[in-house]
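The values are calculated or read from the model by the stated rules, or taken from the named source; none is laboratory data. All figures in this text were calculated on a predicted structure; none of them were measured in a lab. Don't worry about glycine lacking a Cβ; one is built from the backbone with ideal geometry, like all the others, and counts go over all protein chains shown. Each accessible area value is taken on the protein alone, full model and side chains, heavy atoms only, with ligands, DNA and RNA left out. Shrake-Rupley method; radii C 1.70, N 1.55, O 1.52, S 1.80 Å.
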Amino acid sequence: MKKIAAVALLTLGAVLAGCSKQESAAPAAAPAPAAVTKIVVGLDDNFPPMGFRNEKNELVGFDIDMAREAAKRLGLEVEFKPIDWSAKEAELSGKRVDALWNGLTITEERKQNIAFTAPYMENHQIIVVPANSAIKSKADLAGKVVGAQEGSSAVDAIKKEDAVFRSFKEFKTFGDNVTALMDLSTGRLQAVVVDEVVGRYYVAKKPGDYAVLDDNFGTEEYGVGLRKDDTELHGKLDKALTDMKQDGAAAKIAEQWFGKNIIK
């Protein structure tokens, strides 16, 4: 009996020891996510004065300066990556860029796939025509060839006014606003609908060539577009933009590019 009891005690001890080892073994901790050190900004590099290349082929512009200032405040390196603007949402969701920052209009449709910062400026979709044009209003666009940048909010704004849109003789889209305005200059278009910040930039450079109608296709707001799951970056960027508005840094950048403070 003593032998049986001893064996039983030894067996029980081994089982308890095994249980103790199993219970004390904690699961391996998940590795901490790597700290974000850089933000890749996707942009259309032919969208002056928001983002474009100067005579030295350097990327410059209002949004370039805004992004650099915000990144500096966040302690992040910023890389600017020119993309096909009509494929901007795919570039963002595919993680080839981290932000869309180039005069991106906040719309309800885009909000389905993109998280926007608070708006930082207001814009209009203006109508640019040749200086000697007989077109004086949206009604005069009936029977005319009208152009806009493909994938831009100008296209959406025009199509919202269905009766006006259907009155066009033809509606053409272009890879960028510069090409559209060149076609306007050569007579292949009779009007271009474009972001006010871009249109007035070009009109100011060639005031004798273009005119801007009093009519427009509506008011909109610009924001920075981010992935919906990048909540930490979203919060930090919103704060940086708010601080830039409050301490005057954003206004200073605006005055350098537009001659006045257009920050919202």
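If I filter the range 7-21 for residues that are open to solvent by 40 Å² or more (accessible area, probe 1.4 Å) and modelled with pLDDT of 90 or more, do I get at least one hit?
Our first condition is that a residue be open to solvent by 40 Å² or more (accessible area, probe 1.4 Å); within the range 7-21, this holds for 7-12, 14-17, 19-21.
With modelled with pLDDT of 90 or more added as a condition, the list becomes none.
No, that holds for no residue.
Across the range 238-264, what is the total count of residues that are in contact (Cβ under 8 Å) with a residue 24 or more places away in the chain and either assigned to a helix (DSSP H, G or I) or open to solvent by less than 70 Å² (accessible area, probe 1.4 Å) (or both)?
Looking only at that region, the number is 16.
Restrict the check to the range 169-190 and report whether at least one residue is over 20 Å from the mean Cα position of the chain (by Cα), of a type in the set (S, T, N, Q), open to solvent by less than 60 Å² (accessible area, probe 1.4 Å) and modelled with pLDDT under 95. Yes, the range 169-190 contains a residue that is over 20 Å from the mean Cα position of the chain (by Cα), of a type in the set (S, T, N, Q), open to solvent by less than 60 Å² (accessible area, probe 1.4 Å) and modelled with pLDDT under 95.
Filtering the range 180-205 to residues that are within 19 Å of ASP156 (Cα to Cα) and assigned to a helix (DSSP H, G or I) leaves ALA180, LEU181, GLU196, VAL197, VAL198, GLY199.
How about the range 60-167: which helices (runs of 4 or more DSSP H) wholly inside it have at least 2 residues that are of a type outside the set (D, E, K, R) and surrounded by fewer than 20 Cβ atoms within 10 Å (Cβ to Cβ)? Break it down into steps so the answer makes sense when it comes.
Details: elements: 62-74, 88-93, 108-111, 153-160, 162-167.
Once the helices (runs of 4 or more DSSP H) in the range 60-167 are filtered for at least 2 residues that are of a type outside the set (D, E, K, R) and surrounded by fewer than 20 Cβ atoms within 10 Å (Cβ to Cβ), what remains is 62-74, 88-93, 162-167.
Being under 20 Å from ILE114 (Cβ atoms) and modelled with pLDDT under 95 is the filter here, so list the residues in the range 234-264 that pass it. I'd like the intermediate steps shown before the answer.
Keep residues of the range 234-264 that are under 20 Å from ILE114 (Cβ atoms), which gives 234-242, 264.
LYS264 - this is the single residue of the range 234-264 that is under 20 Å from ILE114 (Cβ atoms) and modelled with pLDDT under 95.
Rundown of residues vs (1) in the same structural domain as TYR201 (by the TED database); (2) farther than 26 Å from ASP243 by Cβ; (3) in contact (Cβ under 8 Å) with a residue 40 or more places away in the chain; (4) among the small types (Gly, Ala, Ser), yes/no style:
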residue: GLU55; (1), (2), (3), (4): no, yes, no, no
residue: ALA70; (1), (2), (3), (4): no, no, yes, yes
residue: VAL97; (1), (2), (3), (4): no, no, yes, no
residue: GLU108; (1), (2), (3), (4): no, yes, no, no
residue: ALA115; (1), (2), (3), (4): no, no, yes, yes
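In the set (1) closer than 30 Å to THR186 by Cβ; (2) in a loop (DSSP other than H, G, I, E, B); (3) acidic (Asp, Glu), ASP229 fails one condition alone, (1).
Residues are listed down the side, and each one gets a yes or a no for (1) touching a Lys or Arg at 6+ places or on another chain (Cβ under 6 Å); (2) modelled with pLDDT of 90 or more; (3) aromatic (Phe, Trp, Tyr):
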residue: PRO27; (1), (2), (3): no, no, no
residue: ALA34; (1), (2), (3): no, no, no
residue: ASP44; (1), (2), (3): no, yes, no
residue: PHE52; (1), (2), (3): no, yes, yes
residue: GLU55; (1), (2), (3): no, yes, no
residue: GLY61; (1), (2), (3): no, yes, no
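Hey, among the residues in the range 208-225 that are within 25 Å of ALA70 (Cα to Cα) and among the acidic types (Asp, Glu), which one's farthest from the chain's Cα centre (by Cα)?
Pass one, the range 208-225, residues within 25 Å of ALA70 (Cα to Cα): 220-225.
Restricting the remaining residues to those that are among the acidic types (Asp, Glu) gives 220-221.
On the way: GLU220: 14, GLU221: 11 Å.
Step by step, filter the range 208-225, then rank; the result is GLU220.
Report whether or not VAL203 is of a type outside the set (S, T, N, Q), closer than 30 Å to PRO130 by Cβ, within 22 Å of the chain's Cα centre (by Cα) and open to solvent by less than 30 Å² (accessible area, probe 1.4 Å).
On the way: of a type outside the set (S, T, N, Q): yes; closer than 30 Å to PRO130 by Cβ: yes; within 22 Å of the chain's Cα centre (by Cα): no; open to solvent by less than 30 Å² (accessible area, probe 1.4 Å): yes.
For VAL203, the condition - of a type outside the set (S, T, N, Q), closer than 30 Å to PRO130 by Cβ, within 22 Å of the chain's Cα centre (by Cα) and open to solvent by less than 30 Å² (accessible area, probe 1.4 Å) - is not met.
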